[in-house]
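The values are calculated or read from the model by the stated rules, or taken from the named source; none is laboratory data. If you're wondering where the values come from, they're calculated on a predicted model, not measured in any experiment. Because the Cβ atoms are built from the backbone with ideal geometry, glycine has one as well, and the counts that use them run over all protein chains shown. Each accessible area value is taken on the protein alone, full model and side chains, heavy atoms only, with ligands, DNA and RNA left out. Shrake-Rupley method; radii C 1.70, N 1.55, O 1.52, S 1.80 Å.
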Amino acid sequence: IFSTTVLMGVIMDAFQNILRKCQDIQAQSISPIASVELALEKMDVGDLGALLVMDFSHLVGIFSERDYARKILLKGKSSLTTPVYEVMTTNLISVTPEFCLTECLALMSSCHVRHLPVLDNNKVVALLGIEDVAFALIDNREFVIDELTTYITGSHDVINENPKLSHIFETLAHH
C-alpha cells in the first residue's frame, strides 16, 4: 500500500521548494513612505503583482495591482505623490512554513487574496503568489501520479534511480 505519509512528504517538499523560490524579500518589498509610482516601477522590474510593505523588518501591509487600480486609478489620485501607506492593504492573512500548498491555495481562494506572506516567528521569509502555488501543485500532482503509476505497475527503475524515493519504497515494502 502506498503510504499517505510518503505523499505528505512529497507535498511538504514541494512547499519548501516554492518557499526557496519566493524568498527574495528585498526585491519583493517597499517602504510605506515610498511613492506608489516607485512601487509600480519595482513591480514592473520584478514582474510582480504585489509588494510586501515593510517598515524596516516589520511587515505592515501589502501593495498590489488591485490596490493601485481601486485606490489610485478609480479615485483619481496621483501615483507620483501618494505614499504606499495610504493605499496598501493592512488586513493581512499569512501562513507559516508548516502550511502545505493545498492549504495555502484554499486560504487564498476563500479569502480572495492573490498573495500570501509566509512568516516564521513573526519574520517574513517569503511571499507566495497564487500563480506560484497553482503551478507548484500541478507539478507536484504530475510527479505523484507518475510515481504512483510506477509503483503500481512494478516498474521500479525510476524509483531506484532516486535514492530518496528508493529508501521510502523499501521502507514501505517492509511494513
Practice task
Give the stretch 34-58 a look and list any residue that's hydrophobic (A, V, I, L, M, F, W, C) and either part of a loop (DSSP other than H, G, I, E, B) or more than 16 Å from the chain's Cα centre (by Cα) (or both), or say none.
Solution key: Ala34, Val36, Leu38, Ala39, Leu40, Met43, Val45, Leu48, Val53, Met54, Phe56
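Restrict the check to the stretch 89-100 and report whether at least one residue is touching a Ser or Thr at 6+ places or on another chain (Cβ under 9 Å) and either farther than 30 Å from Arg141 by Cβ or among the small types (Gly, Ala, Ser) (or both).
Looking for residues that are touching a Ser or Thr at 6+ places or on another chain (Cβ under 9 Å) and either farther than 30 Å from Arg141 by Cβ or among the small types (Gly, Ala, Ser) (or both), one finds at least one in the stretch 89-100, hence yes.
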Completion exercise
Of the residues in the stretch 41-60 that are open to solvent by 50 Å² or more (accessible area, probe 1.4 Å) and in contact (Cβ under 8 Å) with a residue 24 or more places away in the chain, the one that is farthest from Pro117 (Cα to Cα) is Asp55
Exercise for the section: Could you list all residues from the stretch 31-40 that are of a type in the set (A, V, I, L, M) and either in contact with a Lys or Arg (Cβ under 6 Å, 6 or more places away or on another chain) or open to solvent by 20 Å² or more (accessible area, probe 1.4 Å) (or both)? Expected result: Ile33, Leu38, Leu40
Handout entry: Which numbered condition Ile25 fails, given (1) more than 18 Å from the chain's Cα centre (by Cα); (2) modelled with pLDDT under 85
Key = (1)
Completion exercise
Going through the stretch 71-83 in order, the residues found to be of a type in the set (Ser, Thr, Tyr) and surrounded by 18 or more Cβ atoms within 10 Å (Cβ to Cβ) are Thr82
Practice task
Considering every residue within the stretch 77-95, establish whether at least one is over 26 Å from Phe135 (Cβ atoms) and small (Gly, Ala, Ser).
Solution key: yes
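Yes or no, residue by residue, for (1) in contact (Cβ under 8 Å) with a residue 24 or more places away in the chain; (2) buried (at least 18 other Cβ atoms within 10 Å of the Cβ):
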site: Ala69; (1), (2): no, no
site: Val87; (1), (2): yes, yes
site: Glu98; (1), (2): no, no
site: Ala106; (1), (2): no, no
site: Pro117; (1), (2): yes, yes
site: Asp120; (1), (2): yes, no
site: Lys123; (1), (2): yes, no
site: Ile130; (1), (2): yes, no
site: Ala136; (1), (2): yes, yes
Completion exercise
Counted residues in the stretch 28-48 being at pLDDT 90 or above and within 17 Å of Ser94 (Cβ to Cβ) come to 1
